[in-house]
1. Percent of accessible area on the range 18-88 owned by carbon and sulfur, 1.4 Å probe?
2. What does the accessible area of VAL60 come to, in Å² to the nearest 10, when a probe of 1.4 Å is used?
3. Cross-link list LYS49/LYS91; LYS93/LYS142; LYS30/LYS142; LYS103/LYS135; LYS49/LYS70: which exceed 28 angstrom alpha carbon to alpha carbon?
4. How much of ILE32 can a 1.4 Å solvent probe reach, expressed as accessible area in Å² and rounded to 10?
5. Do any chymotrypsin sites (Phe, Trp or Tyr not before Pro) in the range 25-126 lie in a loop, going by DSSP, with at most 13 other beta-carbon atoms within 10 Å of their beta carbon, and if so which?
6. Mind checking the per residue accessible area of the range 39-132 for me, 1.4 Å probe, whole number of Å²?
Amino acid sequence: MKETAIEDFVNMMKTAYDMEGTQKTAFAEKDIRTVHTESGIKIHGFPDKVIQNSDGTYTVIDYKTGRRIKHFVDDPASMLQATLYSYIVQKEKHKTVSSFEYKYIRLTQSVASNTTGMSMENHYAELNEIMLQLKACLDTGKFETATDNNVCKYCTFKDICLKQKK
């Protein structure tokens, strides 16, 4: 049973990389790093795939294996990972990123940054706001209380968070 599940997952991931058809892959699963300009916070990530569009711009792809959609274009926090990846690609690789997508492999659906007509500048403005809020939290040691305590168990700042030390 376990071996079958692993094999199914590996096969699913192999086909994921072919979802973009003939579009050219610029790079995949490469560690990229930068410093967020406005906050000074060091950021890095491993975009699953960056494709070059026919107009010379780039699209950042992040594959998801979940069974339900958890990313929504009108919710900046849910779009944060791909927004960060796009920001890093644009800043460090000097590539013009025109969009990013979460591709849900099992559902054969995607959530794309440009579906509502929102520009990358708007996504980056939301990112700046989130990063500046994070910087303020890091500077003061005070983080907003999570509504779900399960969220805190995954937080890498839980050991220094003043909310957790009470």
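1. Values: 1810 of 3730 Å².
Here carbon and sulfur together make up 49 percent of the probe-accessible area.
2. It works out to around 0 Å².
3. LYS93/LYS142; LYS30/LYS142; LYS103/LYS135
4. Around 10 Å² of this residue is reachable by solvent.
5. Values: sites: PHE27, TYR58, TYR63, PHE72, TYR85, TYR87, PHE100, TYR102, TYR104, TYR124; in loops: PHE72.
Passing sites in the range 25-126 are PHE72.
6. Numbers: 4510 Å² over 94 residues.
Heavy-atom accessible area per residue stands at 48 Å².
The values are calculated or read from the model by the stated rules, or taken from the named source; none is laboratory data. Please read all numbers here as calculations on a predicted model, not as lab measurements. Neighbour counts run over all protein chains shown; Cβ positions are idealised from the backbone, glycine included. Just so you know, the surface numbers come from the protein's heavy atoms only, side chains and all, with ligands and any DNA or RNA stripped out. Shrake-Rupley method; radii C 1.70, N 1.55, O 1.52, S 1.80 Å.
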